[in-house]
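The values are calculated or read from the model by the stated rules, or taken from the named source; none is laboratory data. Source: prediction; values computed, not measured. Cβ placement follows ideal geometry from the backbone for every residue including glycine, while neighbour counts extend to all protein chains displayed.
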Amino acid sequence: MKEADSMNGKFIGILAILIGIWQIAVAQKMYQDIRRNVKQPKMTIFFGVTVCLIIGVIFLMVGGSLLR
């Protein structure tokens, strides 16, 4: 039973890392699109991008800790 729990933890860790990478990629794409297409962006848009990056980093950290 201990091996099954360990495998589940590793699977969830890998999944969390993949979600974190995807979240950071989405934030980067959002930032580039905003810079390219929005003439006068509001500051709240950049707060949204920042929150997106923070969530991505949190997922990476949680995934890394589950793989240990």
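In segment 1-18, which residues are touching a residue at least 12 places away in the same chain (Cβ under 8 Å) and either surrounded by 15 or more Cβ atoms within 10 Å (Cβ to Cβ) or outside any helix (DSSP H, G or I) (or both)?
Residues satisfying the conditions are G13, A16, I17.
Which condition number does V26 fail, the rest of (1) farther than 21 Å from G9 by Cβ; (2) surrounded by 12 or more Cβ atoms within 10 Å (Cβ to Cβ); (3) modelled with pLDDT under 95 being met?
Going through the list (1) farther than 21 Å from G9 by Cβ; (2) surrounded by 12 or more Cβ atoms within 10 Å (Cβ to Cβ); (3) modelled with pLDDT under 95, V26 breaks only (3).
Filter segment 31-48 down to the residues that are of a type in the set (A, V, I, L, M) and either outside any helix (DSSP H, G or I) or within 16 Å of I19 (Cα to Cα) (or both) and list them by number.
V38
Looking at segment 19-35, I want the residues that are in contact (Cβ under 8 Å) with a residue 12 or more places away in the chain and more than 17 Å from F59 (Cβ to Cβ) and have a partner that is assigned to a helix (DSSP H, G or I) and among the aliphatic types (A, V, I, L, M) with Cβ atoms under 8 Å, at least 6 apart or on another chain. Which pairs are those?
So the pair list comes out as Y31/V49; I34/I45; I34/V49.
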